[in-house]
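Visitor: Please read through the structure below; I'll follow up with questions.
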Amino acid sequence: MNVRLFRPDVGERELEAVRAAFDRAWLGLGPKVSEFEEKWSAFIGAPCSVATNSATAGLHLALAAWRFPKGAKVLVPGMTFAATALAPLYEGLEPVFVDCDYETLGMDLDDLERKIDKDCVAVMPVHMGGHPVPMDRLLDLCAPHGLKVVEDCAHTAGGEYLGRKLGTWGDMGVFSFEEKKCMTTGDGGMIALADPGFEEPLKAMRWMGIDKDTWKRNRLYTASGTDVRHWYYEIALLGYKYNMNDLAASIGLVQLERLPELNGSRHRALLAYLERLGGLRHARPLFPYITDGTCPYWIFGLRCDDRDGLMAHLKENGVSTGLHYSPLTEHPLFAPYAVPLPNAQRLYGEMITLPLFAGIREEEIDYVCDNVRQWDKAQ
Ligand SMILES: Cc1ncc(COP(=O)(O)O)c(C=O)c1O
């Protein structure tokens, strides 16, 4: 048997939505993007949202919105996907790497507190694997210093902390709809805003800085009257080509409706893994998984004393595995900002990601668990 690590769960409903976009013959930035933004805001509990073509773009726009002075510092996790730390670099800002908590993999808030200084302007916590960063404590640490908070929610869609949705604790929450994530649009992202005042500038900045959407202007092209300046727009802000398009949004609208089903499927798989992989001698669950259903996890993983041995055994038996993530300071690009990250380094040698996706079959979970148990017994 071969078991994939991740697998998007898309089918007939998504295909129908794409077909309808073809029939309308409007594939670019259009009404479906607006509808997706409105429905996302209602779902997450934010006053408004801005859809982008990736979370990487969303994280960049989020930081760009404040126009921080060049060289100011942004606190980012040392162990995350590159996109979190690329955002400050795109803006000429300095990433300050914060170690992770050894148990939860989220930002170590003691290390965060130590690293906040007068040059810091923002902090970008990541809810790793879907496990929530204690946002109440993080906000308490940030507020006295006036730090802006951008939650990187790439690993969650609908997860909560203390009854409040992740992505609505900070000033902005950025979600990813890349193909492997909790829900997908192929590629895509969404910025949930706490302050509606950012909606207009961010919508312009995702579209070259143009202050009017083409699809709205389009109606004026054929409107009756003598106004021949229907083509007119202004560019006042430095913008990018970061917009979501109607094809992606059409898929996203279906996926959002299906999100309870998708999150539920991964949650059931998580419970099955936890039950079947209890009591191992050489491995234990990667996270202190919260199993009450408020945190739909995106990663199931283990930490073990011979990670490479387990990885090789699973590989030989057709089970795909991964590693999320190596400390960013291991990469030459981030070497100038390197600081010791003892927890991230320790986890780097221990952790392994196992297959988890909506629709993973019972026999696939059994097969993965049988192989892990076999390896554990043989040690
Ligand atoms: C923590 C984190 N942030 C940001 C991103 C970027 O997401 P996207 O692929 O939508 O740009 C990812 C992607 O895996 C991620 O894991």
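The values are calculated or read from the model by the stated rules, or taken from the named source; none is laboratory data. For clarity, every value in this text was computed on a predicted model and none was experimentally measured. FYI the Cβ positions are ideal-geometry reconstructions off the backbone, even for glycines, and counts take in every protein chain you see. With ligands, DNA and RNA removed, areas are computed over all heavy atoms of the protein, side chains included. Shrake-Rupley method; radii C 1.70, N 1.55, O 1.52, S 1.80 Å.
Visitor: So is residue 288 exposed (fewer than 14 other Cβ atoms within 10 Å of the Cβ) and either out of contact with any Phe, Trp or Tyr (no Cβ under 7 Å at 6 or more places or on another chain) or touching a residue at least 40 places away in the same chain (Cβ under 8 Å) (or both) or not? Please lay out each step first, then the result.
Guide: On the way: exposed (fewer than 14 other Cβ atoms within 10 Å of the Cβ): yes; either out of contact with any Phe, Trp or Tyr (no Cβ under 7 Å at 6 or more places or on another chain) or touching a residue at least 40 places away in the same chain (Cβ under 8 Å) (or both): yes.
Answer is yes for this residue.
Visitor: Being assigned to a loop (DSSP other than H, G, I, E, B), closer than 29 Å to residue 164 by Cα and in contact with a helix residue (DSSP H, G or I) (Cβ under 9 Å, 6 or more places away or on another chain) is the filter here; which residues of the stretch 194-238 pass it? Outline the logic, then answer.
Guide: Within the stretch 194-238, the subset assigned to a loop (DSSP other than H, G, I, E, B) is 194-195, 206, 208-209, 211-213, 222-234, 236-238.
From the residues that got through so far, the ones that are closer than 29 Å to residue 164 by Cα too are 194-195, 206.
Scanning the stretch 194-238 gives a single hit, 206.
Visitor: Could I ask something else about it? What are the residues in the stretch 169-193 that are of a type outside the set (Phe, Trp, Tyr) and either free of Cβ contacts under 8 Å to residues at least 40 places away in the same chain or assigned to a loop (DSSP other than H, G, I, E, B) (or both), if any? Show your work before the answer.
Guide: Step one: filter the stretch 169-193 for residues of a type outside the set (Phe, Trp, Tyr), giving 170-174, 176, 178-193.
Result: 170, 171, 179, 180, 181, 182, 183, 184, 185, 187, 188.
Visitor: Out of 293, 279, 197, I need the residue that is without any contact (Cβ under 8 Å) to a residue 12 or more places away in the chain and at positive phi. Which one? Explain how you work it out, then say what you get.
Guide: Details: 293 fails: without any contact (Cβ under 8 Å) to a residue 12 or more places away in the chain; 197 fails: at positive phi.
Of the residues listed, the single one that is without any contact (Cβ under 8 Å) to a residue 12 or more places away in the chain and at positive phi is 279.
Visitor: Please count how many residues of the stretch 25-57 are among the aromatic types (Phe, Trp, Tyr) and touching a strand residue (DSSP E or B) at 6+ places or on another chain (Cβ under 8 Å). I'd like the intermediate steps shown before the answer.
Guide: Keep residues of the stretch 25-57 that are among the aromatic types (Phe, Trp, Tyr), which gives 26, 36, 40, 43.
Now restrict to residues that are touching a strand residue (DSSP E or B) at 6+ places or on another chain (Cβ under 8 Å): 36, 40.
Residues flagged as among the aromatic types (Phe, Trp, Tyr) and touching a strand residue (DSSP E or B) at 6+ places or on another chain (Cβ under 8 Å) within the stretch 25-57 amount to 2.
Visitor: Follow-up. Tell me yes or no: at least one residue of the stretch 276-285 is open to solvent by 40 Å² or more (accessible area, probe 1.4 Å), outside any loop (DSSP other than H, G, I, E, B) and under 30 Å from residue 27 (Cα atoms). Quick ask: steps written out before the conclusion?
Guide: Restricting attention to the stretch 276-285, the residues satisfying the condition of being open to solvent by 40 Å² or more (accessible area, probe 1.4 Å) are 276, 279, 281-282, 284-285.
Now restrict to residues that are outside any loop (DSSP other than H, G, I, E, B): 276, 284-285.
With the extra rule that they be under 30 Å from residue 27 (Cα atoms), the set shrinks to none.
Looking for residues that are open to solvent by 40 Å² or more (accessible area, probe 1.4 Å), outside any loop (DSSP other than H, G, I, E, B) and under 30 Å from residue 27 (Cα atoms), one finds none in the stretch 276-285, hence no.
Visitor: State the number of residues belonging to the stretch 104-117 that are closer than 19 Å to residue 89 by Cα and touching a helix residue (DSSP H, G or I) at 6+ places or on another chain (Cβ under 8 Å).
Guide: Within the stretch 104-117, residues that are closer than 19 Å to residue 89 by Cα and touching a helix residue (DSSP H, G or I) at 6+ places or on another chain (Cβ under 8 Å) number 1.
Visitor: From the list 219, 258, exactly one residue is out of contact with any Phe, Trp or Tyr (no Cβ under 7 Å at 6 or more places or on another chain), open to solvent by 100 Å² or more (accessible area, probe 1.4 Å) and basic (Lys, Arg). Which is it? Outline the logic, then answer.
Guide: Values: 258 fails: open to solvent by 100 Å² or more (accessible area, probe 1.4 Å).
Criteria check complete, one pass: 219.
Visitor: Further question on the same structure: For the stretch 195-233, which residues satisfy the criterion of being among the aliphatic types (A, V, I, L, M) and closer than 20 Å to residue 243 by Cβ?
Guide: Selection gives 202, 204, 205, 208, 210, 220.
Visitor: Report yes if residue 346 is open to solvent by 40 Å² or more (accessible area, probe 1.4 Å), outside any helix (DSSP H, G or I) and out of contact with any Cys (no Cβ under 8 Å at 6 or more places or on another chain), otherwise no. Lay out the reasoning, then the answer.
Guide: Numbers: open to solvent by 40 Å² or more (accessible area, probe 1.4 Å): yes; outside any helix (DSSP H, G or I): no; out of contact with any Cys (no Cβ under 8 Å at 6 or more places or on another chain): yes.
Criteria not met by residue 346.
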